[in-house]
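Working notes, structure below.
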Amino acid sequence: LKVLLVHTPMSENEIALHSPPTDGVTACRFSPDSSHLIVSSWDCSLSLHSTATGERSRAPEALPQPLLDCDFVRDGPSMQHAVSACLDGGIRFHNLTSGDSAATTLLGSHDSAARCVRACPAVGGSCVVSGSWDHTLKLWDARAATPCVGTYEQPDKVLALDVSSAAASATPILAVATAARRVVLVDLRSPAEPMQTRESSLKCATRCIAMMPNASGFTLGSVEGRVAVEYVDPSPEAQARRYAFKCHRTTAQGVDTPHPVNAIAFHPTYGTFATGGGDGNVFVWDGAKKKRIGSLKRRYPTSIACLAFSPSGEQLAVAASYTYENGEQKAPPDAIYLQKVSDSPATFKPKAEKAK
């Protein structure tokens, strides 16, 4: 069933990145000072853009294989270093201050595609973690003579992961979603023994995972248009609060069609979260009150592949890039938009309860 997406013009509250990738956006991440955005893509490129103007800050770097993820590495005052995960299994460190062509170092490789990578500032400024389809996690120290500092077997292929921030919790928690609907919680100070291994409450495959800003829980998005809200605390009282809900669904001629939830991003201050789906919509949710509180004003002309809030909370990056949920078909060109959160038609701040 083909669903026609209604394209509305770009909002005055957003700007489009200049010269976006040409084939499948896989990740977009803000720099720690919110001044830049890096973008990885299936076109084998890693690009850097100004968040003030959308202009590309340097020529994109061409790599041997498509990039499946990227992140900034918080290892110094300039904050101009990044790490990428590649289809060839490679984990690469990029010096973004080296001119038009970035100096790139291959830290090492997984035995299969490196699906995801995140900086781990709670563990160390140059520490990163990667997950692969080879059923492993690897910890890396980008500045060490021997960068790979640990390899840890997982229950299945790693599909997604996210890391709690240093300030959020005394325990630096890594949440890992694998195939076969498994979720692994890891204390990065002792990654060899998982804190918890549990089964997802969603009945279909996981597409994305995101940690809550206070590190008390996480959300999962699935291929069949559902989101689960989970909590780290294993006590029965905490687990009784977990729930799941339907989202990103369209109805045509009486037929309800679910669309994959490709991206989830938490606002760093408010704790509300945005979801992006294959239906081209971005919705905003208050997880504590279990309700939708807003949406971006327009529906994008193709799938939402990635979402990211800036660390300041003032911008939301939205990558509109077809994710092949309907197979091979003609799709609009890839585009990435920076939405001003403070002026956004979406309500990211939780609504106060009315006095009774």
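Would you please name the residue that is least open to solvent (accessible area, probe 1.4 Å), looking only at residues in the stretch 285-320 that are within 22 Å of Ser34 (Cβ to Cβ) and of a type in the set (S, T, N, Q)?
Taking the stretch 285-320 and keeping what is within 22 Å of Ser34 (Cβ to Cβ), we get 294, 296, 304-320.
Okay, now just the ones that are also of a type in the set (S, T, N, Q), so 310, 312, 315.
Numbers: Ser310: 1, Ser312: 56, Gln315: 31 Å².
By that ranking, first place goes to Ser310.
Go through the stretch 321-336 and give me each residue that's hydroxyl-bearing (Ser, Thr, Tyr) and open to solvent by 30 Å² or more (accessible area, probe 1.4 Å).
Step one: of the stretch 321-336, the residues hydroxyl-bearing (Ser, Thr, Tyr) are 321-324.
Selection gives Thr323, Tyr324.
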>> Here are the criteria: (1) surrounded by 14 or more Cβ atoms within 10 Å (Cβ to Cβ); (2) at pLDDT below 85; (3) under 16 Å from Glu14 (Cβ atoms). Tell me which single one Ser342 does not satisfy.
In response: (1)
> Residues in the stretch 118-148 that are open to solvent by 20 Å² or more (accessible area, probe 1.4 Å) and either assigned to a strand (DSSP E or B) or in contact (Cβ under 8 Å) with a residue 60 or more places away in the chain (or both): how many?
Replying inline: 7
>> Cβ-Cβ under 7 Å, sequence separation 6+ or interchain: first residue in the stretch 241-267 and under 20 Å from Ser164 (Cα atoms) and free of Cβ contacts under 8 Å to residues at least 60 places away in the same chain, partner open to solvent by 30 Å² or more (accessible area, probe 1.4 Å) and part of a loop (DSSP other than H, G, I, E, B). Which pairs?
In response: Arg242/Ser201; Phe266/Pro213
> Among the residues of the stretch 222-244, is any of a type in the set (Gly, Ala, Ser), open to solvent by 30 Å² or more (accessible area, probe 1.4 Å), within 29 Å of Gly24 (Cα to Cα) and out of contact with any Pro (no Cβ under 8 Å at 6 or more places or on another chain)?
Replying inline: yes
> For Leu159, all conditions in the list (1) under 20 Å from Cys306 (Cα atoms); (2) open to solvent by less than 30 Å² (accessible area, probe 1.4 Å); (3) not charged (D, E, K, R) hold save one; what is the number of the exception?
Replying inline: (2)
> Given the structure, is Glu230 farther than 26 Å from Arg74 by Cα, free of Cβ contacts under 8 Å to residues at least 24 places away in the same chain and acidic (Asp, Glu)?
Replying inline: no
>> Just checking, does the stretch 293-311 include any residue being of a type in the set (Val, Ile, Thr), closer than 16 Å to Phe266 by Cβ and in contact with a Leu (Cβ under 9 Å, 6 or more places away or on another chain)?
In response: no
> Taking the stated definitions as given, is Pro20 buried (at least 19 other Cβ atoms within 10 Å of the Cβ) and either modelled with pLDDT under 95 or not in a loop (DSSP other than H, G, I, E, B) (or both)?
Replying inline: yes
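Mind checking which residues of the stretch 248-266 are surrounded by fewer than 19 Cβ atoms within 10 Å (Cβ to Cβ) and either touching a Gly at 6+ places or on another chain (Cβ under 8 Å) or not in a loop (DSSP other than H, G, I, E, B) (or both)? Please lay out each step first, then the result.
Residues of the stretch 248-266 that are surrounded by fewer than 19 Cβ atoms within 10 Å (Cβ to Cβ), as a first pass: 249, 251-257.
Arg249, Thr251, Ala252, Val255, Asp256, Thr257 - these are the residues of the stretch 248-266 that are surrounded by fewer than 19 Cβ atoms within 10 Å (Cβ to Cβ) and either touching a Gly at 6+ places or on another chain (Cβ under 8 Å) or not in a loop (DSSP other than H, G, I, E, B) (or both).
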> Consider Thr171 against the criteria (1) modelled with pLDDT of 95 or more; (2) assigned to a loop (DSSP other than H, G, I, E, B); (3) open to solvent by less than 40 Å² (accessible area, probe 1.4 Å): it satisfies all of them except one. Which criterion is unmet?
Replying inline: (1)
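The values are calculated or read from the model by the stated rules, or taken from the named source; none is laboratory data. This structure is a prediction, so every number in the text was calculated from the model and none was measured. Positions of Cβ are backbone-derived with ideal geometry, glycine not excepted, and every protein chain shown enters the neighbour counts. Ligands, DNA and RNA are stripped out before the accessible areas are found, and what is left, the full protein with its side chains, is counted by its heavy atoms. Shrake-Rupley method; radii C 1.70, N 1.55, O 1.52, S 1.80 Å.
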